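**Q** Pasting a structure here, questions to come.
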Amino acid sequence: MRITIFTSRDVLTSTPQTQRSFDVSRRRALVEVGSSAVFGLSLPKLLAASDAASASKTQSNLFGRAKSVVVIFLWGGPGQQDLWDPKPQAPSVVRSEFGTISSQVAGIQLTDQLPELAKHTKRYSIIRSVTHKDFEHGSAAYTALTGQPHPLPGTNTTARPDDFPTYGSVATKLSPTKEPVPDFVVLGPVMHQGARPPLAGQNAGFLGAGFDAFRIPDDPSSKDFHVDGVDLQEGVEEQRLLARKQLLATIGDHAGLRNERQVRGLSGLYDRAFGLLGSAETRRAFLLNDEKPQLRDAYGRNKFGQTLLLARRLVEARVPLITLNWSKLNAQEWDTHASNYPRLRKMLPPFDRSLAAFMQDMDDRGLLDSTLVVCLGEFGRTPKINKDAGRDHWPDCYSLLMAGGGVPGGQVYGASNRTAAYPVQDDVAPWDIAATMYHLMGINPATHIENRQGQPLPIARGNVIERLF
């Protein structure tokens with residue numbers, strides 16, 4: 001018996017490359033659902049038991065290696081052939097205008113627009129065989145940020161209360177930090193598609209606002225950069241702050257409201273506020289002027305560079321999950337439908353310099369080994385250049401970068417064909433990326449969380465990429 005998940009409009013096709021099946025224990029669990037009710041075992045409890053039974057299969061010596069995760073999201077979808085997967089022997093209608101350079105690791109080549117990152121390939125891995133079937137920004141970004149196919153694929157959907165929560169919100173729910181720091185911080189603006197409401201996949205969705213991130217939309221490279229809301233009011237000491245937190249907890253317990261969804265959401269908001277205010281170390285993390293000017297220069301005195309520097313400081317403060325959005329407020333800079341090469345010639349040099357400085361700085365400080373870094377977009381770009389000298393959307397094959405947190409550097413996983421159009425080896429789906437991230441975070445990918453209707457849903461529908469390690 002084979003039970004395969006399909007979604008509407010064939011987001012998961014029935015090809016061998018994209019089918020994802022339950023393991024044996026889960027199949028047995030589903031077969032036994034009917035009889036379990038007789039013995040008083042509910043479906044959520046049954047799935048929880050199945051999750052626990054499968055935990056030993058997903059846990060390895062790298063399970064939980066990543067104490068922090070930094071997700072760098074390049075909204076718009078950068079072209080694989082213009083960054084991580086150059087094809088110098090491809091036909092002229094496909095081949096990038098950029099040249100190809102060798103890297104620190106023999107056999108790994110990058111575009112010549114990434115000379116600094118080429119010096120650091122021993123610190124990261126490139127996956128060149130990511131694939132899915134969603135061609136639209138909205139639903140594809142949702143998939144990139146949650147690891148779940150959107151119920152309405154191929155749409156520029158906006159955020160809804162029933163959305164699956166983003167990675168940081170799931171981690172906050174299942175593995176909240178014990179440190180006096182926020183569980184989840186987003187650096188950069190709330191992403192929109194033009195003037196429409198916010199993009200789906202950025203928030204806690206059906207988990208509720210209590211599991212949303214603390215968001216810092218401001219530009220850390222500006223001279224007057226300051227994060228509001230992280231300073232204690234004059235006259236309020238940390239001990240008094242802790243006493244207020246304990247009082248709120250006592251009132252909530254006394255009222256018998258701990259299990260009510262709205263109160264749980266408020267509790268999460270209070271916890272997030274106290275996390276920000278309760279630690280001097282957290283407050284210091286936002287003081288970029290404490291860094292040496294030479295290091296700030298190395299990162300680049302631009303928005304992306306200084307945001308990466310802020311991300312490093314948040315990792316040092318033990319914040320578990322940080323998402324960094326490379327995006328303008330209402331535009332996807334990486335969406336190069338026109339003037340692909342002139343636009344990339346402006347974006348790639350600061351991207352290259354800043355990300356390379358971040359990698360080196362994290363490694364030099366001993367942080368990279370325990371921090372998972374994932375740099376990705378929602379899809380790649382078409383092999384052929386269009387009539388406007390640009391590349392269009394292409395989810396069939398694209399590349400991403402992973403580093404640290406147990407992921408060894410100096411390797412390429414998977415491969416594309418001669419035009420970077422389709423995977424030819426070790427194809428990887430976004431839900432496999434999700435399973436791998438949760439595994440390295442110490443969260444069993446087979447875990448279920450309940451939606452607003454009380455239905456248990458798996459946090460990851462894919463498989464841990466074991467051979468990446």
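Read-outs throughout are calculated quantities, based only on the coordinates presented, and are distinct from any laboratory measurement. Note that the structure is predicted; figures quoted are calculated from it, not measured. All Cβ positions, glycine included, derive from the backbone under ideal geometry; neighbour counts span all protein chains shown.
**Q** ³J(HN,Hα) across segment 371-376 via Karplus (A = 6.51, B = -1.76, C = 1.60, θ = phi - 60°), whole Hz, x for Gly/Pro?
**A** The phi angles translate into 10, 8, 10, 10, 10, 8 Hz.
**Q** Indicate the gyration tensor shape class of segment 286-335 (rounded, prolate or oblate), computed on the Cα atoms with a ≥ b ≥ c the square roots of the eigenvalues: a/c under 1.5 is rounded; otherwise a/b larger than b/c is prolate and the rest oblate. Intermediate values should be presented prior to the final figure.
**A** Working: a/c = 2.86, a/b = 1.38, b/c = 2.08.
Here segment 286-335 falls in the oblate category.
**Q** Moving on to the next point. How much FRET efficiency would the formula 1/(1 + (r/R0)^6) give for ASP162 and SER370, where r is the Cβ-Cβ distance and R0 is 30 Å, rounded to 0.05?
**A** Details: r = 35 Å, r/R0 = 1.15.
Result of the calculation: an efficiency of 0.30.
**Q** Would you order CYS375, CYS397 from fewest to most other beta-carbon atoms within 10 Å of each residue's own beta-carbon? Before the final figure, lay out the partial values.
**A** Working: CYS375 24, CYS397 27.
Taking fewest neighbouring Cβ atoms as first place, the list is CYS375, CYS397.
**Q** Additional query: Set the Förster distance to 51 Å, then compute FRET efficiency between GLN89 and ALA209 from the Cβ-Cβ distance, nearest 0.05.
**A** Values: r = 51 Å, r/R0 = 1.01.
Computed FRET efficiency for GLN89 and ALA209: 0.50.
**Q** Sequence-distant or interchain residues sharing an amide H contact under 5 Å with SER416, placed H: which?
**A** VAL424
**Q** Between ILE101 and ASN417, what is 0.36 nm times their sequence separation minus the Cα-Cα distance? Round to one decimal in nm.
**A** On the way: separation 316, 0.36 × 316 = 113.76 nm, distance 1.93 nm.
Contour length minus the Cα-Cα distance gives 111.8 nm.
**Q** For LEU309, LEU83, LEU174, what ranking results if the residue with the fewest other Cβ atoms within 10 Å of its Cβ goes first?
**A** Going from sparsest to densest Cβ surroundings: LEU174, LEU309, LEU83.
**Q** Going by C-beta contacts inside 10 Å, put ILE216, ILE72 in order with the fewest on the left.
**A** Values: ILE216 22, ILE72 25.
Arranged by neighbour count, lowest to highest, ILE216, ILE72 become ILE216, ILE72.
**Q** Determine the gain in length on full extension of the stretch LEU457-LEU295; use 0.36 nm per residue of separation and subtract their C-alpha separation, reporting nm with one decimal. If you can, show how the numbers build up before the last one.
**A** Details: separation 162, 0.36 × 162 = 58.32 nm, distance 4.41 nm.
Answer, rounded to one decimal: 53.9 nm.
**Q** Work out, step by step, the length gained on full extension between LYS384 and SER339: first 0.36 nm times the residue separation, then minus their alpha carbon distance; give nm to one decimal. Let's see the in-between values first.
**A** Details: separation 45, 0.36 × 45 = 16.20 nm, distance 1.34 nm.
Gain in length upon complete extension: 14.9 nm.
**Q** Amide H neighbours of LYS328 under 5 Å, at least 5 residues apart or on other chains, H built in the peptide plane: list them.
**A** For LYS328, whose amide H was placed from the backbone, the distant partners under 5 Å are GLU333.
**Q** For segment 377-424, state which trypsin sites (Lys or Arg not before Pro) are in a DSSP loop and have at most 16 other beta carbons lying within 10 Å of their beta carbon.
**A** LYS384, LYS387, ARG418
**Q** Please give me the summed charge of the neighbours of ARG95: other residues whose Cβ is under 15 Å from its Cβ, Lys and Arg +1, Asp and Glu -1. Before the final figure, lay out each step's value.
**A** Details: positive: LYS87, ARG381, LYS384, ARG391, ARG418; negative: ASP82, ASP85, GLU97, ASP112.
After counting each charged neighbour, the total is +1.
**Q** Can you list which of the GluC sites (Glu not before Pro) found in segment 97-136 are DSSP loop residues with at most 15 other C-beta atoms within 10 Å?
**A** Details: sites: GLU97, GLU116, GLU136; in loops: GLU97, GLU136.
For GluC sites (Glu not before Pro) across segment 97-136 that sit outside H, G, I, E and B with at most 15 neighbouring Cβ atoms in 10 Å, the list reads GLU97.
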